[in-house]
Structure formats: structure tokens, C-alpha cells
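To start, the structure under review is shown below, and the notes come after it.
The values are calculated or read from the model by the stated rules, or taken from the named source; none is laboratory data. Because the structure is predicted, anything quoted here is derived from the model rather than measured. Note that we place each Cβ from the backbone using ideal geometry, even for glycine, and neighbour counts take in every protein chain shown.
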Ligand SMILES: [Zn+2]
């Protein structure tokens, strides 16, 4: 899997950018999605695997928002990790 510079979620294009010091009110984060600005931020200090997994996690948030699925953070976490391992384990399907 390759992290793209831009990812399309339905009709929205999100820019994917590196950013240090991403955090919310509670803690430091590996990544963050901004629905209004259409940006996915990823911490460049994270290891490659972590970064890819975080990228998918943020994409799941984006899909959840676009399709009004109503996932909880825990469900996004599980689905993000599930998708990451599925895609990494079956790369030939997506070529
Ligand atoms: Zn999340």
C-alpha cells in the first residue's frame, strides 16, 4: 500500500499531508482528518506501518462522514486495523 498525496472519498478529495504535533484536547495523535478543509494529516515521525494504518483509520472516518454511517471511535479503530491488515495481506487484489 502506498499513501497517496490525495484521496477521493465519494465526491470529496482529501489532501494527505505530513504534520508534526497533531493533537486534540486530550492527547497527541498519529493522524487527524479535517472534513471542512478536506485534509488528512499524518505524523511523519510514525513508523511506516503505523502511518499506513493511521491513513486508513482517517479514511474510515471520512467514509463514515460521507455515508452517514454513525461509527463510534472504537468501531473506526477496529475497521481501520481490519482494512489495513486485509489490504496488506492481499495486495494483488487491488492492483
Ligand atoms: Zn479516529
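So which residues in region 49-74 are part of a helix (DSSP H, G or I) and farther than 19 Å from residue 16 by Cα, if there are any at all?
Of all residues in region 49-74, those part of a helix (DSSP H, G or I) come to 49-66, 73-74.
73, 74 - these are the residues of region 49-74 that are part of a helix (DSSP H, G or I) and farther than 19 Å from residue 16 by Cα.
What pairs can you find where one residue is in region 75-95 and in a helix (DSSP H, G or I), the other is exposed (fewer than 10 other Cβ atoms within 10 Å of the Cβ), and their Cβ atoms are less than 7 Å apart, with a gap of 6+ or different chains?
Partner pairs satisfying both residue conditions: 87/94.
State the number of residues belonging to region 1-48 that are assigned to a loop (DSSP other than H, G, I, E, B) and either closer than 20 Å to residue 84 by Cβ or in contact with a helix residue (DSSP H, G or I) (Cβ under 7 Å, 6 or more places away or on another chain) (or both).
Going through region 1-48 one residue at a time, the tally reaches 15.
Which one of 55, 67 is in contact (Cβ under 8 Å) with a residue 40 or more places away in the chain and either surrounded by 16 or more Cβ atoms within 10 Å (Cβ to Cβ) or touching a strand residue (DSSP E or B) at 6+ places or on another chain (Cβ under 8 Å) (or both)?
Sole residue among the options that is in contact (Cβ under 8 Å) with a residue 40 or more places away in the chain and either surrounded by 16 or more Cβ atoms within 10 Å (Cβ to Cβ) or touching a strand residue (DSSP E or B) at 6+ places or on another chain (Cβ under 8 Å) (or both): 55.
Restricting to region 1-11, give me the number of residues that are within 16 Å of the ligand (Cβ to nearest atom) and either free of Cβ contacts under 8 Å to residues at least 24 places away in the same chain or touching a strand residue (DSSP E or B) at 6+ places or on another chain (Cβ under 8 Å) (or both).
Count: 1.
Considering only residues that are touching a helix residue (DSSP H, G or I) at 6+ places or on another chain (Cβ under 7 Å) and within 14 Å of the ligand (Cβ to nearest atom), which ones fall in region 49-68?
53, 56, 57, 60, 61, 64
In region 12-44, what count of residues is obtained for those that are out of contact with any strand residue (DSSP E or B) (no Cβ under 9 Å at 6 or more places or on another chain) and at pLDDT below 95?
Going through region 12-44 one residue at a time, the tally reaches 5.
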